[in-house]
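Undergrad: Can you keep this structure in mind? I'll have questions shortly.
Every number here is computed from the coordinates shown, using simple stated rules; none is lab data. Values in this document were obtained by computation on a predicted structure and should not be read as measured data. Using ideal geometry, Cβ is built from the backbone for each residue, glycine included, and neighbour counts are taken over all protein chains shown.
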Amino acid sequence: MERGINTRCLHLLDEERTEHFGSLSYPIYQTATYAHPGVGKSTGYDYSRLQNPTREHLERIVAGLEYGTEAFALSTGMAAITLLFELFKPGDHIISEADLYGGSIRLFDNISKKNGYSFTYVDCARTDLEKEIRPETKAIYIETPTNPMMNVSDIGKISEICKNHGLLLIVDNTFLSPYFQNPLLLGADVVIHSGTKFLGGHNDTLAGFIVTKDPAISEKLRFLIKTTGAGLAPFDSWLLIRGIKTLGIRMEKAQKNALLLADWLKKEKIVKKVYYPGLPEHPGYGIMKKQSRGFGSMITFDVDTKEHALKILEDVRIIKYAESLGGTETLITYPTTQTHADVPEEVRLKNGITPCTLRLSTGIEDIEDLIGELEKVFAGLDE
Ligand SMILES: *Cc1c(COP(=O)(O)O)cnc(C)c1O
């Protein structure tokens, strides 16, 4: 019988009890290189850019959580996406979700295009993707829910289109983590994570992952990671291993807080719109029910004026005005000048990101303190 996800966050199936003196905390192999027992002999390890036992332990855990055959741990989420895009060649065309993490758009527009790739950005939740496919199209790249507008697309449906046209389906699964969603089981070919977010979970380190179940892709990625050198460092790998131990209880608590907060925000006079897929009126609610085990803890909302949005950012105390998401602490972000500052203004506005838009990542604090703080901040807005 398959072990439950919380057990899999703690234990590997092939764990050998006698190794490492029985240490429950996986050792940090803080080494650059490995001594060979003799000429032509090897411990299986040569150099840490290519192999490191601590990183490999983490990679096996993440591969297991996402039902992949292999995972690759990179120094950041952006390093993971950058490495993955080395799979393409000049002339290749990629259909991408329009409402993506701003850093991904910055990468595609500034680096990938320079490398000769072209992109079509579409609202994947509401577009007939088949019509966008060209002879040189190689992949569809999505997030669901999207960052920050929380649009939900049907991974299974898009994977059908990809299979019919020989395209790679890449899903950035950062917002839900493998605890709530497994794109590979729904037909995706590659899963991306910013491990900085829910997997690490403590706002204390950066990391990124690529997970796949396709041996041909794995082989290419292994060569690329060895060649380009953005593998995750041993100590950061250990922090991720430790973070993942509590993935389940953090995700559950943060989601519980998000559901309560989204409901509360809806009733506030200055709040004009709440984008949270766990609200039954959200257009993606039905798809989420079908393809995910939860709704996550990201809430985007619009307030009535830009001045109010800025004052909220000034006045919060327990809630931190900071970029990032998915950690133990609740963060509030201003997409216009933070995460999505490099996305052209007209694209931002078209996607629905306005100067009145705020994004919340609920943490695991007591909900009374989060709502209590926002109540106070909202009440003081026009003083
Ligand atoms: C943060 C984030 C990234 C980038 O990850 P880093 O670890 O910050 O490099 C990519 N995708 C999504 C959805 C993110 O939220």
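Undergrad: Would you count, across the stretch 112-170, every pair of lysines whose alpha carbons are under 24 angstrom apart, provided the pair is eight or more residues apart or spans two chains? Kindly include the intermediate steps, with their values, before the conclusion.
TA: Details: LYS113/LYS131; LYS113/LYS138; LYS114/LYS138; LYS131/LYS157; LYS131/LYS163; LYS138/LYS157; LYS138/LYS163.
So the count works out to 7.
Undergrad: Take the alpha carbon gyration tensor of the stretch 275-383, find the square roots of its eigenvalues, order them as a ≥ b ≥ c, and report rounded if a/c is under 1.5; if not, report prolate when a/b exceeds b/c, else oblate. Don't skip to the end; give the middle numbers.
TA: Values: a/c = 1.68, a/b = 1.13, b/c = 1.48.
In terms of gyration-tensor shape, oblate.
Undergrad: Continuing with this model, one more query. Could you work out which residue, out of THR54, THR82, THR228, moves most in a Gaussian network model of the chain, that is, has the largest mean-square fluctuation with Cα springs under 10 Å?
TA: Of THR54, THR82, THR228, the Gaussian network model singles out THR228 as fluctuating most.
Undergrad: Quick one: 3J(HN,Hα) in Hz for the stretch 305-312, Karplus 6.51/-1.76/1.60 with θ = phi - 60°, rounded, Gly and Pro as x.
TA: 9, 4, 4, 5, 4, 5, 5, 4
Undergrad: For LEU168, list long-range residues whose amide hydrogen, built 1.01 Å from N in the peptide plane, is under 5 Å from its own amide hydrogen.
TA: ALA139, ILE140
Undergrad: Which ³J(HN,Hα) values, rounded to whole Hz and listed in residue order, are derived for the stretch 331-340 from phi using the Karplus coefficients 6.51, -1.76 and 1.60 in 6.51 cos²θ - 1.76 cosθ + 1.60 with θ = phi - 60°, glycine and proline given as x?
TA: Karplus-based 3J(HN,Hα) across the stretch 331-340 equals 10, 10, 10, 10, x, 4, 10, 10, 4, 10 Hz.
Undergrad: Tell me the net charge near SER297. Cut-off is 10 Å between Cβ atoms, SER297 excluded, with +1 for each Lys or Arg and -1 for each Asp or Glu. Working shown, then result.
TA: Working: positive: ARG250, LYS253, LYS256; negative: GLU252.
So the surrounding residues net to +2.
Undergrad: In whole Hz, with x marking every Gly and Pro, tabulate ³J(HN,Hα) for the stretch 63-77 from phi via Karplus 6.51 cos²θ - 1.76 cosθ + 1.60, θ = phi - 60°.
TA: 4, x, 5, 9, 6, x, 8, 9, 10, 10, 9, 10, 5, 8, x
Undergrad: Additional query: Collect residues whose amide H, placed 1.01 Å from N in the peptide plane, falls under 5 Å from the amide H of THR69; neighbours closer than 5 in sequence don't count.
TA: Counting only residues 5 or more places away or on other chains, the set is THR212, LYS213, ASP214.
Undergrad: Can you tell me the convex hull volume per residue for the chain, based on C-alpha atoms, in Å³ to the nearest whole number? The partial results should precede the final answer.
TA: Details: hull volume 56.8 nm³, N = 383.
Convex hull of Cα atoms, per residue: 148 Å³.
Undergrad: Something else about it: Report the relative contact order of the chain, percent, no decimals, based on alpha-carbon pairs under 8 angstrom and at least 6 residues apart.
TA: Value for the chain: 18 percent.
Undergrad: Expressed in nm to one decimal, what extension gain is obtained for the pair ASN164 and LYS306 from 0.36 nm per residue of sequence separation less their Cα-Cα distance? If you can, show how the numbers build up before the last one.
TA: Values: separation 142, 0.36 × 142 = 51.12 nm, distance 4.52 nm.
Result: 46.6 nm gained on full extension.
Undergrad: Using a Förster radius of 41 Å, what is the FRET efficiency between ASN6 and ARG222 based on their Cβ-Cβ separation? Nearest 0.05, please. Mind dumping the intermediate values first?
TA: On the way: r = 30 Å, r/R0 = 0.72.
Efficiency at R0 = 41 Å is approximately 0.85.
Undergrad: Provide the percentage of antiparallel DSSP beta bridges, counting only those with both residues in the stretch 5-244; round to the nearest 5. If you can, show how the numbers build up before the last one.
TA: Details: 12 of 29 bridges.
Here the share of antiparallel DSSP bridges comes out near 40 percent.
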